[in-house]
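The values are calculated or read from the model by the stated rules, or taken from the named source; none is laboratory data. Values in this document were obtained by computation on a predicted structure and should not be read as measured data. Here the Cβ is made from the backbone with ideal geometry for all residues, glycine too, and neighbour counts use every protein chain on show. Quick note on the areas: whole protein, heavy atoms, side chains included, nothing else; ligands and nucleic acids left out. Shrake-Rupley method; radii C 1.70, N 1.55, O 1.52, S 1.80 Å.
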Amino acid sequence: MAAAEPGEPAVPEEDPEAEPEPELELSAELRSRRSAEARRLVLSPRRLSGPLPAGLSQWFPALELLDVSGTGLAELGGGLLALPRLHTLLAKNNRLGGPGSLPKGLGQAPLGRSLRVLNLSGNRFAELPPALLGLRGLQSLSLGGNRLHGIPPDIQELRSLEFLYLGGNFITSIPPELANLPSLSYLVLCDNKIQSIPPQLAQLHSLRSLSLHNNLLTYLPREILNLVHLEELSLRGNPLVVRFVRDLTYNPPSLQELAGRTIKTRNVPYAPSDLPENLVRYLSLASNCPNPKCGGVYFDSCVRQIKFVDFCGKYRIPLMHYLCSPECSSPCSSASQSSTSQSESDSEDEASVAARRMQKVLLG
């Protein structure tokens, strides 16, 4: 203890062996490296309890890439918001995920307009942070190895997204709204608990790579053949059956559906003023039977059929078909049996065309 002047409190001496406070250590490191021209900043791994300092934008006004991975951060802090040129933020393997992990007003701040790449993998997020949905210019988002249990439908607001990595979570289902991302090229959903793929994903016309390995998939929607630019499909580690099995389920149509089918198949004319609004809306939901030899329609009642088709001349992939009635798949005569065989052949021809587009189909 240093000697104190009379009337003044004693001031303890600094212990040379003591470690500095984490926040002070970080600020000292940043101050020592600050530069108005610096474009990249990678912080060395350490354990931190507080956010990044508020003076970050004054110290590094030209910053374009910031890597704070492995620093133990539990919140990023508002000091990032005023970085007008930051396009890449890497914050992997931290403790982010609790309330206040991301700064408020992210989407409206200069950072929200400039950010293009955001990696938050290896953190503790149990849901996709709503603040991220305001990043309309974001092109790459990684949230692998977190604690996500679902994907919010509002993810469709990230219209510029090209790369989405959500592997290594606890996701059980995929919202159809994911198909509303027009630029999405790489979608990684491996190592989750997904049991089915919505057929709407066929609308992802820019998709080139789809990783679904190590999930709980037993079939794929038939519409996946429409992914014309798909080059890589990873399915290993799923309970996909490798032998030909047909699963046929059918619930009889209601009287409303029977009437709706008759109106649609026989082209009965009607005007919106002729029917109640709910029936007009119901008739607009008719789906055409994919069997080219049928020409029927269905609404709520359909035949769910799993059909295995050839891919790459080596694998047989189960695809889900929806038909309007059992007659489309259960032949009652030799003529209809020949028709069904032809239909199966047509499906396999479609699959072989899709297989030629794909460079890799990974099942093992």
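Just checking, does segment 217-228 include any residue being open to solvent by less than 60 Å² (accessible area, probe 1.4 Å), farther than 23 Å from Pro153 by Cβ and of a type in the set (A, V, I, L, M)?
yes
As an exercise: evaluate Leu41 against (1) crowded, with 18+ Cβ neighbours inside 10 Å; (2) out of contact with any Lys or Arg (no Cβ under 8 Å at 6 or more places or on another chain) and give the number of the one condition it does not meet.
That leaves (2) as the condition not met.
Answer with yes or no whether Ile155 is on the phi < 0 side of the Ramachandran plot and not in a loop (DSSP other than H, G, I, E, B).
On the way: on the phi < 0 side of the Ramachandran plot: yes; not in a loop (DSSP other than H, G, I, E, B): yes.
Yes, satisfied.
Might you let me know whether segment 127-146 holds any residue that is outside any loop (DSSP other than H, G, I, E, B), open to solvent by 40 Å² or more (accessible area, probe 1.4 Å) and either in contact with a His (Cβ under 7 Å, 6 or more places away or on another chain) or not small (Gly, Ala, Ser) (or both)?
yes
Considering segment 265-295 alone, what residues qualify as being farther than 18 Å from Tyr322 by Cα, within 39 Å of the chain's Cα centre (by Cα) and among the basic types (Lys, Arg)?
Passing the criteria: only Arg281.
Sort through Asn291, Asn267 and tell me the only one that's at pLDDT 55 or above, assigned to a loop (DSSP other than H, G, I, E, B), surrounded by fewer than 15 Cβ atoms within 10 Å (Cβ to Cβ) and not small (Gly, Ala, Ser).
Values: Asn291 fails: surrounded by fewer than 15 Cβ atoms within 10 Å (Cβ to Cβ).
Just a single option satisfies the conditions, and that option is Asn267.
Scan (1) touching a residue at least 40 places away in the same chain (Cβ under 8 Å); (2) more than 23 Å from Tyr186 (Cα to Cα) for the single condition Gly78 breaks and write down its number.
Every listed condition holds for Gly78 apart from (1).
Mind listing whichever residues of segment 270-286 are closer than 24 Å to Arg222 by Cα and either touching a residue at least 40 places away in the same chain (Cβ under 8 Å) or open to solvent by 40 Å² or more (accessible area, probe 1.4 Å) (or both)?
Those that are closer than 24 Å to Arg222 by Cα and either touching a residue at least 40 places away in the same chain (Cβ under 8 Å) or open to solvent by 40 Å² or more (accessible area, probe 1.4 Å) (or both): Ser284, Leu285.
Quick one: Leu102 ticks every box in (1) of a type in the set (A, V, I, L, M, F, W, C); (2) in contact with a helix residue (DSSP H, G or I) (Cβ under 8 Å, 6 or more places away or on another chain); (3) within 20 Å of Leu187 (Cα to Cα); (4) open to solvent by 10 Å² or more (accessible area, probe 1.4 Å) except a single one, so which number is it?
Single failed check for Leu102: (3).
Within the bounds of segment 172-187, is there any residue that is under 30 Å from Gly79 (Cβ atoms) and either out of contact with any Pro (no Cβ under 6 Å at 6 or more places or on another chain) or part of a helix (DSSP H, G or I) (or both)?
Here is the first cut: in segment 172-187, the residues under 30 Å from Gly79 (Cβ atoms) are none.
Within segment 172-187, none of the residues are under 30 Å from Gly79 (Cβ atoms) and either out of contact with any Pro (no Cβ under 6 Å at 6 or more places or on another chain) or part of a helix (DSSP H, G or I) (or both).
Inspect all residues belonging to segment 200-212 and state whether any of them is hydrophobic (A, V, I, L, M, F, W, C), open to solvent by 50 Å² or more (accessible area, probe 1.4 Å) and part of a loop (DSSP other than H, G, I, E, B). Walk me through how you get there before you give the answer.
Restricting attention to segment 200-212, the residues satisfying the condition of being hydrophobic (A, V, I, L, M, F, W, C) are 201-202, 204, 207, 210, 212.
Imposing the further condition that a residue be open to solvent by 50 Å² or more (accessible area, probe 1.4 Å) reduces the set to none.
So far as segment 200-212 goes, no, none of its residues is hydrophobic (A, V, I, L, M, F, W, C), open to solvent by 50 Å² or more (accessible area, probe 1.4 Å) and part of a loop (DSSP other than H, G, I, E, B).
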